[in-house]
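A.B. asks: Shown below is the structure under consideration.
The values are calculated or read from the model by the stated rules, or taken from the named source; none is laboratory data. Source: prediction; values computed, not measured. Cβ atoms come from the backbone with ideal geometry, glycine included; neighbour counts cover every protein chain shown. Side chains included, ligands, DNA and RNA excluded: accessible areas come from the protein's heavy atoms. Shrake-Rupley method; radii C 1.70, N 1.55, O 1.52, S 1.80 Å.
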Amino acid sequence: MAGLRPEHVAFLGEYSVSTQDKRIDVQILCWPTISAAWSMLTQSLTGLQSLRRDDSPASIRAPIASWLHDVAPQLCLPVREPNAAETTLATLIRRLPLRFAVAVVEHQVGQSAGSDTLRYRSLFSGCLTAYGTYLKSTNQTACRIIIAAPGNTTDNELRRATYGEVLPHLDSAARLGALELGFWPETTVPLPMEVAQLAAASVGRHLERPSEASPLFETVRAHLSPPSRFHALSRQKRRK
(Lines give C-alpha, C1' and ligand atoms only; values in the text may rest on other atoms or scores of the structure.)
Protein backbone atom coordinates (compact mmCIF):
# COMPACT_ATOMS: atom_id res chain seq x y z
CA MET A 1 0.00 0.00 0.00
CA ALA A 2 1.41 3.36 -1.05
CA GLY A 3 2.68 5.51 1.79
CA LEU A 4 2.09 2.87 4.43
CA ARG A 5 3.86 3.66 7.71
CA PRO A 6 4.31 1.47 10.81
CA GLU A 7 1.55 3.26 12.72
CA HIS A 8 -0.87 2.36 9.91
CA VAL A 9 -0.51 -1.36 10.66
CA ALA A 10 -2.44 -3.38 13.24
CA PHE A 11 -1.89 -7.07 13.89
CA LEU A 12 -4.18 -10.00 14.53
CA GLY A 13 -3.42 -12.76 17.02
CA GLU A 14 -5.33 -16.03 17.24
CA TYR A 15 -5.41 -18.95 19.66
CA SER A 16 -7.55 -22.06 19.88
CA VAL A 17 -7.94 -24.64 22.62
CA SER A 18 -10.09 -27.76 22.57
CA THR A 19 -11.64 -29.53 25.53
CA GLN A 20 -13.47 -32.84 25.47
CA ASP A 21 -16.65 -31.43 23.94
CA LYS A 22 -15.96 -27.92 22.71
CA ARG A 23 -13.40 -25.61 21.20
CA ILE A 24 -12.63 -22.06 22.32
CA ASP A 25 -11.30 -19.61 19.75
CA VAL A 26 -9.71 -16.31 20.75
CA GLN A 27 -8.91 -13.44 18.44
CA ILE A 28 -6.92 -10.37 19.50
CA LEU A 29 -6.56 -7.18 17.51
CA CYS A 30 -3.45 -5.23 18.50
CA TRP A 31 -2.80 -1.67 17.35
CA PRO A 32 -0.34 1.13 18.20
CA THR A 33 -1.54 4.25 20.01
CA ILE A 34 1.42 6.38 18.89
CA SER A 35 3.50 6.35 15.73
CA ALA A 36 6.65 5.06 17.45
CA ALA A 37 5.02 2.05 19.13
CA TRP A 38 6.47 -0.69 16.94
CA SER A 39 9.96 0.81 16.96
CA MET A 40 9.70 0.99 20.77
CA LEU A 41 8.95 -2.74 20.79
CA THR A 42 12.13 -3.43 18.80
CA GLN A 43 14.15 -1.16 21.06
CA SER A 44 12.75 -2.81 24.19
CA LEU A 45 13.67 -6.26 22.93
CA THR A 46 17.15 -5.06 21.98
CA GLY A 47 17.56 -3.61 25.46
CA LEU A 48 16.45 -6.88 27.02
CA GLN A 49 18.98 -8.74 24.92
CA SER A 50 21.71 -6.39 26.11
CA LEU A 51 20.75 -6.81 29.75
CA ARG A 52 20.76 -10.59 29.44
CA ARG A 53 23.69 -10.83 27.13
CA ASP A 54 24.71 -14.25 25.95
CA ASP A 55 27.94 -14.47 23.96
CA SER A 56 26.92 -17.68 22.24
CA PRO A 57 25.46 -17.31 18.73
CA ALA A 58 21.67 -16.97 18.62
CA SER A 59 21.49 -20.00 16.32
CA ILE A 60 22.79 -22.37 19.02
CA ARG A 61 21.09 -20.97 22.10
CA ALA A 62 18.71 -23.44 23.65
CA PRO A 63 15.17 -21.96 23.68
CA ILE A 64 13.13 -22.00 26.85
CA ALA A 65 10.81 -24.98 26.81
CA SER A 66 7.34 -23.51 27.26
CA TRP A 67 4.18 -22.45 25.49
CA LEU A 68 5.62 -18.93 25.45
CA HIS A 69 8.39 -19.95 23.09
CA ASP A 70 5.95 -21.87 20.91
CA VAL A 71 3.85 -18.72 20.47
CA ALA A 72 6.55 -16.02 20.40
CA PRO A 73 10.03 -17.47 19.74
CA GLN A 74 11.67 -14.13 18.85
CA LEU A 75 10.40 -12.37 21.98
CA CYS A 76 11.52 -15.31 24.10
CA LEU A 77 15.02 -15.52 22.65
CA PRO A 78 16.72 -13.26 25.25
CA VAL A 79 14.79 -14.80 28.15
CA ARG A 80 17.02 -17.38 29.74
CA GLU A 81 15.11 -18.16 32.97
CA PRO A 82 11.98 -20.26 32.27
CA ASN A 83 10.38 -19.44 35.62
CA ALA A 84 10.66 -15.69 34.99
CA ALA A 85 9.80 -15.72 31.29
CA GLU A 86 6.13 -14.80 31.56
CA THR A 87 6.78 -11.98 34.03
CA THR A 88 9.55 -10.61 31.81
CA LEU A 89 7.36 -10.58 28.70
CA ALA A 90 4.44 -9.10 30.63
CA THR A 91 6.66 -6.25 31.77
CA LEU A 92 7.89 -5.65 28.23
CA ILE A 93 4.34 -5.46 26.84
CA ARG A 94 3.02 -3.39 29.76
CA ARG A 95 5.33 -0.52 28.84
CA LEU A 96 4.33 -0.37 25.18
CA PRO A 97 1.83 2.20 23.81
CA LEU A 98 -0.62 -0.26 22.32
CA ARG A 99 -4.14 -1.52 22.87
CA PHE A 100 -5.98 -4.80 22.40
CA ALA A 101 -9.49 -5.76 21.37
CA VAL A 102 -10.56 -9.32 22.10
CA ALA A 103 -13.30 -11.63 20.85
CA VAL A 104 -14.01 -15.16 22.07
CA VAL A 105 -16.23 -17.80 20.47
CA GLU A 106 -17.14 -21.25 21.75
CA HIS A 107 -18.44 -23.99 19.51
CA GLN A 108 -18.96 -27.72 19.65
CA VAL A 109 -16.15 -29.95 18.42
CA GLY A 110 -16.99 -31.67 15.16
CA GLN A 111 -19.24 -29.02 13.66
CA SER A 112 -19.30 -28.85 9.87
CA ALA A 113 -16.79 -26.76 7.96
CA GLY A 114 -19.60 -24.34 7.11
CA SER A 115 -19.58 -23.17 10.71
CA ASP A 116 -16.14 -21.64 10.18
CA THR A 117 -17.81 -18.70 8.46
CA LEU A 118 -19.98 -18.02 11.52
CA ARG A 119 -16.96 -18.35 13.79
CA TYR A 120 -14.89 -15.86 11.82
CA ARG A 121 -17.87 -13.53 11.55
CA SER A 122 -18.25 -13.44 15.34
CA LEU A 123 -14.52 -12.97 15.92
CA PHE A 124 -14.10 -10.18 13.39
CA SER A 125 -17.27 -8.45 14.53
CA GLY A 126 -16.19 -8.51 18.18
CA CYS A 127 -12.71 -7.14 17.59
CA LEU A 128 -13.70 -4.51 15.02
CA THR A 129 -16.60 -3.25 17.14
CA ALA A 130 -14.29 -2.72 20.12
CA TYR A 131 -11.71 -1.06 17.89
CA GLY A 132 -14.34 1.25 16.44
CA THR A 133 -15.49 2.21 19.94
CA TYR A 134 -11.91 3.08 20.87
CA LEU A 135 -11.49 5.23 17.75
CA LYS A 136 -14.71 7.11 18.50
CA SER A 137 -13.82 7.72 22.15
CA THR A 138 -10.34 9.01 21.26
CA ASN A 139 -11.36 10.76 18.02
CA GLN A 140 -8.66 8.92 16.09
CA THR A 141 -8.55 7.50 12.61
CA ALA A 142 -8.25 3.77 11.92
CA CYS A 143 -5.15 1.93 10.83
CA ARG A 144 -4.99 1.18 7.12
CA ILE A 145 -4.38 -2.57 7.28
CA ILE A 146 -4.67 -5.49 9.69
CA ILE A 147 -2.04 -8.20 9.22
CA ALA A 148 -2.89 -11.77 10.20
CA ALA A 149 -0.60 -14.79 10.47
CA PRO A 150 -0.23 -16.86 7.29
CA GLY A 151 -2.56 -19.80 6.83
CA ASN A 152 -3.43 -22.13 4.00
CA THR A 153 -4.93 -20.63 0.87
CA THR A 154 -8.46 -21.90 1.52
CA ASP A 155 -8.57 -20.56 5.06
CA ASN A 156 -7.11 -17.20 4.02
CA GLU A 157 -9.75 -16.82 1.32
CA LEU A 158 -12.51 -17.65 3.80
CA ARG A 159 -11.19 -15.18 6.35
CA ARG A 160 -10.82 -12.43 3.77
CA ALA A 161 -14.32 -13.01 2.37
CA THR A 162 -15.91 -13.10 5.83
CA TYR A 163 -14.05 -9.98 6.90
CA GLY A 164 -15.27 -8.19 3.78
CA GLU A 165 -18.85 -9.16 4.60
CA VAL A 166 -18.63 -8.06 8.25
CA LEU A 167 -16.88 -4.70 7.97
CA PRO A 168 -19.51 -2.69 6.00
CA HIS A 169 -22.33 -3.71 8.37
CA LEU A 170 -20.74 -2.57 11.62
CA ASP A 171 -22.02 0.56 13.36
CA SER A 172 -18.47 1.90 13.23
CA ALA A 173 -17.97 1.10 9.53
CA ALA A 174 -17.64 4.75 8.52
CA ARG A 175 -14.93 5.36 11.12
CA LEU A 176 -13.07 2.16 10.23
CA GLY A 177 -13.13 3.17 6.56
CA ALA A 178 -11.36 0.98 4.01
CA LEU A 179 -9.46 -1.00 6.64
CA GLU A 180 -7.94 -3.96 4.79
CA LEU A 181 -7.10 -7.46 5.96
CA GLY A 182 -3.81 -8.94 4.77
CA PHE A 183 -1.73 -12.01 5.55
CA TRP A 184 1.95 -12.05 6.39
CA PRO A 185 3.70 -13.86 3.51
CA GLU A 186 6.51 -15.49 5.50
CA THR A 187 6.74 -18.10 8.23
CA THR A 188 8.74 -15.83 10.55
CA VAL A 189 6.30 -13.13 11.62
CA PRO A 190 7.11 -9.57 12.78
CA LEU A 191 7.48 -8.80 16.49
CA PRO A 192 4.11 -6.99 16.84
CA MET A 193 2.36 -10.11 15.56
CA GLU A 194 4.12 -12.18 18.21
CA VAL A 195 2.77 -9.72 20.79
CA ALA A 196 -0.74 -10.23 19.41
CA GLN A 197 -0.29 -14.00 19.42
CA LEU A 198 0.96 -13.91 23.02
CA ALA A 199 -2.03 -11.83 24.02
CA ALA A 200 -4.48 -14.23 22.38
CA ALA A 201 -2.76 -17.23 23.97
CA SER A 202 -2.85 -15.62 27.43
CA VAL A 203 -6.62 -15.10 27.14
CA GLY A 204 -7.20 -18.63 25.86
CA ARG A 205 -5.10 -20.17 28.61
CA HIS A 206 -6.93 -18.08 31.20
CA LEU A 207 -10.25 -19.43 29.96
CA GLU A 208 -8.82 -22.94 30.10
CA ARG A 209 -7.18 -22.47 33.53
CA PRO A 210 -8.98 -19.56 35.25
CA SER A 211 -7.54 -20.32 38.68
CA GLU A 212 -3.90 -20.01 37.57
CA ALA A 213 -2.11 -16.71 38.10
CA SER A 214 -0.87 -15.13 34.87
CA PRO A 215 0.99 -11.80 34.80
CA LEU A 216 0.74 -11.83 31.02
CA PHE A 217 -3.04 -12.14 31.08
CA GLU A 218 -3.29 -9.34 33.64
CA THR A 219 -1.22 -7.11 31.36
CA VAL A 220 -3.44 -7.90 28.38
CA ARG A 221 -6.56 -7.24 30.43
CA ALA A 222 -5.22 -3.83 31.47
CA HIS A 223 -4.68 -2.93 27.79
CA LEU A 224 -8.12 -4.03 26.59
CA SER A 225 -10.28 -1.56 24.73
CA PRO A 226 -12.90 -0.33 25.46
CA PRO A 227 -11.52 0.25 28.97
CA SER A 228 -12.90 -2.70 30.89
CA ARG A 229 -11.87 -5.71 32.88
CA PHE A 230 -12.04 -9.26 31.65
CA HIS A 231 -15.07 -10.15 33.76
CA ALA A 232 -17.08 -7.90 31.42
CA LEU A 233 -15.97 -9.79 28.33
CA SER A 234 -18.88 -11.42 26.54
CA ARG A 235 -18.08 -15.01 25.64
CA GLN A 236 -20.17 -15.68 22.56
CA LYS A 237 -21.50 -19.22 22.51
CA ARG A 238 -23.10 -20.45 19.31
CA ARG A 239 -25.71 -23.11 19.05
CA LYS A 240 -25.35 -26.13 16.84
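A.B. asks: Within a Cβ distance under 11 Å of VAL9, other residues only, what is the Lys/Arg minus Asp/Glu net charge?
C.D. replies: 0
A.B. asks: Also, quick follow-up: Per the Cauchy relation, a quarter of the hull surface: what is the mean projected area of the convex hull of the alpha carbons in segment 66-132, in nm²?
C.D. replies: 6.6
A.B. asks: For segment 1-41, how big is the tail of P(r) above 13 Å, as a whole percent of Cα pairs?
C.D. replies: 65
A.B. asks: How do HIS169, HIS223 rank by accessible surface area computed with a 1.4 Å probe, from largest to smallest?
C.D. replies: HIS169, HIS223
A.B. asks: Leaving out ligands, DNA and RNA, and with a 1.4 Å probe, what % of the accessible surface on the chain is carbon or sulfur?
C.D. replies: Heavy-atom surface of the chain belonging to carbon and sulfur, 1.4 Å probe: 51 percent.
A.B. asks: Going by average Cβ density within 10 Å per residue, which order do the peptides 183-190, 11-18 take, highest to lowest?
C.D. replies: Highest mean packing first, the order is 11-18, 183-190.
A.B. asks: Could you tally the net charge around GLY132, taking each other residue with its Cβ under 13 Å from the Cβ of GLY132, Lys/Arg +1 and Asp/Glu -1?
C.D. replies: Local charge sum for GLY132: +2.
A.B. asks: Among bridges DSSP assigns within the chain, what percent are antiparallel (round to 5)?
C.D. replies: Approximately 65 percent, going by the DSSP bridge assignments.
A.B. asks: Follow-up question, since we're still on this one. Roughly how compact is the chain, stated as its Cα Rg over 2.2 N^0.38 Å to two decimals?
C.D. replies: My calculation over the Cα atoms of the chain gives 1.00.
A.B. asks: Looking at the P(r) of segment 93-143, how many percent of alpha-carbon pairs lie beyond 18 Å?
C.D. replies: 48
A.B. asks: Defining a contact as two alpha carbons under 8 Å apart and six or more residues distant in sequence, what relative contact order in percent does the chain show?
C.D. replies: 31
A.B. asks: What do you get for Rg/Rh of segment 73-205 when both radii come from the Cα atoms and Rh is the Kirkwood radius?
C.D. replies: Result: Rg/Rh = 0.98.
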